[in-house]
Amino acid sequence: MRLLSPKQAQRMAIGILGLATFAILSVLVFIIGFVLNKGLPVVSWAFLSEAPSDMGRAGGIFPILITTLLLPLLALAVAMPLGVGTAVYLAEYTRETRMTRIIRFGTDCLAGVPSILFGLFGFIFFVVMLGFGWSLLSGSLTLAIMVLPTLIRTSEEAIRTVPDAYREVSCSMGATRWQTVWRVILPNALPGIATGVMLSIGRCIGETAAVIFTAGSVLGRHVPSSLFDSSRTMAVHFYLLAREGISNEYAYGTAAVMILAVLMVNLVAYWMMHAFIRRRAR
Amino acid sequence: MKRIDEIIARPLLAAIAFSALASLLLIAVFILKEGLPFMARIGFRDFLGSSDWQPQEGHFGIFPMIVASLGVTLGAMAIGAPLGIAGAIFLCEFVPRPVMRTVKPAIELLAGIPSVVFGFLGVMVLAPLVRTHFGGPGLSLLTAAIILGIMVLPTVTSISADAIMAVPGAFREGALALGATRWQSVYMVILKAARSGIIASVILAMGRAIGETMAVIMVAGNTVRVPHSALDPVCTLTAKIAMEMASASGLHRQSLFAIGVVLFVVIMILNALAMTAIRSRKGASS
Amino acid sequence: MNTMLKVSALLMVAFLCAVGCGGRKEAVTLAGSTAFQPFAEKLADQYMSQHPGATVSVQGGGSTVGIQSALQGTVQIGMADLVQLPADAKTLTATVVARDGVAIIVHPSNAITNLTTDQVRDIFNGKITNWKMVGGADHSITVVSREAGSGTRSSFEQIVGGVHLSASALVQDSNGTIRETVANDPNAMGYLSHGLLNKNIRDVPVDGFACTTANVSGGRYKLVRPVFFLTRSDVSSAARDFMAFVLSDVGQEQIRKDGLLSAK
């Protein structure tokens, strides 16, 4: 490249790279701005607290909000003990063997499996075969299996970053392995585990493919009162409103609430991760 | 005398680990058990190579959908990878650290936006643009590739940025001390050092693009036909599963699991590639 | 910190118990035809306001989903709007609750005034590819169809006859989505349940007759299909009550008011 001096080449490179970064940021700003611009005017206390009516053209999204909160909570109620317990077992109670490497490869793979496959499995297994029908139960169990690999992975990483010194000191004071885990390691790994939990919640909120085929898409007036009730999450509601042209206005409103919720969850996760890193540095 | 919690801790945790792994294994086995016999019965060549998808008549050729998934993914990476890597380089090397620390999480926010929002914006904004300026129905491979490209941007940017940041400062300082401009230090030294991390980010993004369902259903047109141009509507593997899942029964349902097996295998290969890339990076820099 | 953890854990458990203790109520569940789904939801709303304590929940998915989920017992009532029910639905009891026309729709800017049944068939088969071949503007036709499991699609294809869907047709998975796709594309053509017509699309008269309630009930418009409620023999009494409501004068009046035809 003798045509340009290094300085000129650098200026051109900075220009092109800056343009690319600008493009990325403008897409981000456009998407969030567009949705919030069209959706926020619709969002009001009434919108958040009323039940939907006329197929979603009027009323609010209260039962849908509750379902969107419930599903990840239920999923985590199952996945957290399983995930953290597995991570503890793999990190503290086993040695690094071929088996653990295979398990780690398997969980990494499953973390990358498309959510539609979880939806397919959940539909055939929970909805049809086990007879749970389209219900919160089917939905939350499917979501639990979906977030389990990520939880195992992030929890194991968080546990592994707890310095060995902690373990040695705890042992030298006479603690059993379980006491060390419960009183020393887990509290110290908590921010890392919490980050994984927050990320899983964020994923569940935005998840549509796995949810629509398992939890169903019933638009009810009432908050689901039983695990066997079917209901919609915000993502499903938005999808159906938008796709079927029922109400673009309310679709944008739902999308605005959804984006704000995910933003909040991501912010909390990011803040937690930083608290974690700051703690490590101390 | 051992404490009670020590006695039960190990077996209990082992049981928890076992049941967690068993449930993960369950889904893998389930999909394979339903899909593999089907593929064996229909024959790999007919399944993967035929373009005739007529479940009611017993024809299950998924070739158009394989082409669609590949096309959409490669198109998405053609857009997302260069932009994402360029953005990562710019943020890490040519921008003050505090600015990078605010902008990088902002880009990662894009990753949190639900895919159906992208899909809807694709239908309302992008598809009409494609239809008026390029022709065709607007719902097409091109539209899907663009939307997916935007969706994988945060993955590529974030992981590439991490890889670039992980390059030791000594590499940069050494290059600059030898008289290189910052840009020269980037493309001669840093990019080579961060190469495996950047490749891993692209591969992971590919995995995400292949697996995307909802946004693709909304913008790709869902036509089961090998596309003649990027403006033709297409149906990806994931979209086909989603659209026929609830109404399929018997052999048809098994065929959807077989498509799942194909997706599974592709993701596993991509994951293995990404991990060898990451491992070679760790080996090289240690 | 420890007490906070314990308290929040207890609160979560209590919350989850409250949710789970609803138990398996006598809910009436329906799934199936996306064309009839909005009407079923309105009827469900009406039924629930008249019978507090009853729960009727409605999902879509298409007529085949309705048949499959009724057969498997996933739902109590399957909704299917097919001209002819498939063989595996023979074990189910089919009750006609309404009748519905299938309109041919185009974008409002499309000026086409009439299409013959043959022209409709040829367009969907891919033989006629340009609007100018049927008297419209010079632009290629974008055909939009439903997925294979749709009742609207099989009714349409069975009545028109000889339809082998063109390989270049777009596929969407519900009536509403077809309506949206056609409303957004000046060159598109699709089919839509008569009850879902709105001002965002135009319905094209077939063989000289528009898809209006008068023409459908008078037999002049040929694309008509019945809407079935499919039930197993072990259907719950709550579901039977709901079905009775739908077939009652009140229910049928509501159906007529919303734009469909009553069962008789």
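The values are calculated or read from the model by the stated rules, or taken from the named source; none is laboratory data. Remember, it's a predicted structure, so these values are computed and weren't measured experimentally. Counting neighbours? That spans all protein chains shown, and the Cβs are built from the backbone with ideal geometry, glycine included.
Residue check: B:ILE7 meets all listed conditions (1) loosely packed, with under 15 Cβ neighbours inside 10 Å; (2) within 28 Å of the chain's Cα centre (by Cα) but one, namely (2). The residues of segment A:245-265 that are within 14 Å of chain C (Cβ to nearest Cβ) and within 23 Å of A:GLY139 (Cα to Cα) amount to a single one, A:ALA251. When restricted to residues that are crowded, with 23+ Cβ neighbours inside 10 Å, over 20 Å from C:GLY60 (Cα atoms) and within 13 Å of chain A (Cβ to nearest Cβ), segment C:171-192 contains 1. Out of B:GLY71, B:GLY49, B:GLY61, one residue alone is out of contact with any His (no Cβ under 6 Å at 6 or more places or on another chain), touching a residue at least 24 places away in the same chain (Cβ under 8 Å) and not β-branched (Val, Ile, Thr). It is B:GLY71. Among what's in segment A:31-72 and is at negative phi, more than 14 Å from chain B (Cβ to nearest Cβ) and of a type in the set (D, E, K, R), pick the residue that is surrounded by the fewest Cβ atoms within 10 Å (Cβ to Cβ). The qualifying residue surrounded by the fewest Cβ atoms within 10 Å (Cβ to Cβ) is A:ARG57.
Among the residues of segment B:51-88, those identified as polar (S, T, N, Q) and assigned to a helix (DSSP H, G or I) are B:GLN56, B:SER69, B:THR73. Residues in segment C:193-243 that are surrounded by fewer than 19 Cβ atoms within 10 Å (Cβ to Cβ) and of a type in the set (Val, Ile, Thr): C:THR212, C:THR213. Are any of the residues in segment A:159-179 free of Cβ contacts under 8 Å to residues at least 60 places away in the same chain, away from chain B (no Cβ under 11 Å), under 30 Å from A:ASN266 (Cα atoms) and outside any helix (DSSP H, G or I)? Yes - at least one qualifying residue is present in segment A:159-179. Only one entry in A:TRP134, A:TRP178 is hydrophobic (A, V, I, L, M, F, W, C), farther than 15 Å from B:ALA28 by Cα and touching a strand residue (DSSP E or B) at 6+ places or on another chain (Cβ under 9 Å), namely A:TRP134.
Remark: pairs (first residue in segment A:238-254, of a type in the set (A, V, I, L, M); second residue at pLDDT 90 or above and not in a helix (DSSP H, G or I); Cβ separation under 9 Å; 6+ apart in sequence or on different chains) = A:LEU240/A:ARG232.
Exactly one residue out of C:SER140, C:SER155, C:SER168 is polar (S, T, N, Q) and more than 13 Å from every other protein chain (Cβ to nearest Cβ), and it is C:SER155.
Could you please let me know if C:THR29 is within 11 Å of chain A (Cβ to nearest Cβ), assigned to a loop (DSSP other than H, G, I, E, B), modelled with pLDDT of 85 or more and under 14 Å from C:LEU230 (Cβ atoms)? Against the criterion (within 11 Å of chain A (Cβ to nearest Cβ), assigned to a loop (DSSP other than H, G, I, E, B), modelled with pLDDT of 85 or more and under 14 Å from C:LEU230 (Cβ atoms)), C:THR29 does not qualify. Tallying residues that are crowded, with 17+ Cβ neighbours inside 10 Å and in contact with a strand residue (DSSP E or B) (Cβ under 9 Å, 6 or more places away or on another chain) within segment B:40-62 yields 6. Among the residues of segment C:187-216, those identified as among the small types (Gly, Ala, Ser) and under 19 Å from the mean Cα position of the chain (by Cα) are C:GLY190, C:SER193, C:GLY195.
Let's see how each residue does on (1) in contact (Cβ under 8 Å) with a residue 12 or more places away in the chain; (2) in contact with a Phe, Trp or Tyr (Cβ under 6 Å, 6 or more places away or on another chain); (3) of a type in the set (Val, Ile, Thr); (4) not assigned by TED's automatic domain parsing to the domain that holds A:PRO149:
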position	(1), (2), (3), (4)
A:SER26	no, no, no, yes
A:PHE34	no, no, no, yes
A:ARG57	yes, no, no, no
A:ILE64	yes, no, yes, no
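Within segment A:73-114, the residues that satisfy the criterion of being among the charged types (D, E, K, R) and facing chain B (nearest Cβ under 10 Å) are A:GLU92, A:ARG104, A:ASP108. When residues in segment C:39-86 are screened for being surrounded by fewer than 24 Cβ atoms within 10 Å (Cβ to Cβ) and over 14 Å from A:SER230 (Cβ atoms), 18 of them pass. Restricting attention to segment A:196-222, which residues are within 9 Å of chain C (Cβ to nearest Cβ) and either surrounded by fewer than 24 Cβ atoms within 10 Å (Cβ to Cβ) or not hydrophobic (A, V, I, L, M, F, W, C) (or both)? Result: A:GLY216, A:SER217, A:GLY220, A:ARG221, A:HIS222. On the basis of being closer than 24 Å to A:PHE123 by Cα and in contact (Cβ under 8 Å) with a residue 40 or more places away in the chain, does A:ILE205 make the cut? For A:ILE205, the condition - closer than 24 Å to A:PHE123 by Cα and in contact (Cβ under 8 Å) with a residue 40 or more places away in the chain - is met.
Of everything in segment C:116-160 that's of a type outside the set (A, V, I, L, M, F, W, C), in a helix (DSSP H, G or I) and touching a residue at least 40 places away in the same chain (Cβ under 8 Å), which residue is surrounded by the most Cβ atoms within 10 Å (Cβ to Cβ)? Only one residue fits best here, namely C:GLY151. Applying the set (1) in contact with a helix residue (DSSP H, G or I) (Cβ under 8 Å, 6 or more places away or on another chain); (2) over 24 Å from B:LEU26 (Cβ atoms); (3) at pLDDT below 90 to B:MET214 leaves exactly one unmet item: (3).
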